[in-house]
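Below is one structure; the comments refer to it alone.
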Amino acid sequence: MKVGSLARGKVRFYVYARDHSPPHVHALTVDGEALVDIRNGEVLGVDGISKADLRILVRWVLARTEFLLVEWESLHEESRNG
């Protein structure tokens with residue numbers, strides 16, 4: 001499975017090929033994980049991350065929506081084509 005990843009400080013953001021819709025990133029910290037919809041910043045799931053840190057993660061994703069959507073589409077197109 002192909003993976004796109006970025007790091008911001010102590011957070012790693014992952015986009016996985018063949019992952020379910022809607023387009024989202026997995027944000028992993030030492031405290032836990034959050035899934036954030038790339039298109040609108042909606043938190044799809046969270047485990048162990050504080051509300052304050054979650055707000056920072058969502059702002060980071062929303063500031064990079066266009067780039068992250070391109071990455072999502074690229075990974076999913078590659079997985080569809082083999």
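Quick notes on this one:
- Residue in segment 19-60 that is surrounded by the fewest Cβ atoms within 10 Å (Cβ to Cβ), counting only those that are basic (Lys, Arg) and over 14 Å from residue 71 (Cβ atoms): 51
- Filtering segment 22-74 to residues that are in contact with an Asp or Glu (Cβ under 9 Å, 6 or more places away or on another chain) and of a type in the set (S, T, N, Q) leaves 29, 50.
- The set of residues from segment 24-58 being of a type in the set (D, E, K, R), within 21 Å of residue 76 (Cβ to Cβ) and either assigned to a strand (DSSP E or B) or in contact (Cβ under 8 Å) with a residue 40 or more places away in the chain (or both) comprises 33, 37.
- Check on residue 44, under 13 Å from the mean Cα position of the chain (by Cα) and modelled with pLDDT of 95 or more: yes
- Segment 61-72, subset within 20 Å of residue 10 (Cβ to Cβ) and surrounded by 15 or more Cβ atoms within 10 Å (Cβ to Cβ), residue modelled with the highest pLDDT: 62
- Residue in segment 73-82 that is among the acidic types (Asp, Glu), surrounded by 13 or more Cβ atoms within 10 Å (Cβ to Cβ) and modelled with pLDDT under 95 present: no
The values are calculated or read from the model by the stated rules, or taken from the named source; none is laboratory data. What you see is a predicted model, and the numbers here were worked out from it, not measured in a lab. Note: ideal-geometry Cβ built from the backbone for every residue, glycine included; neighbour counts use all protein chains shown.
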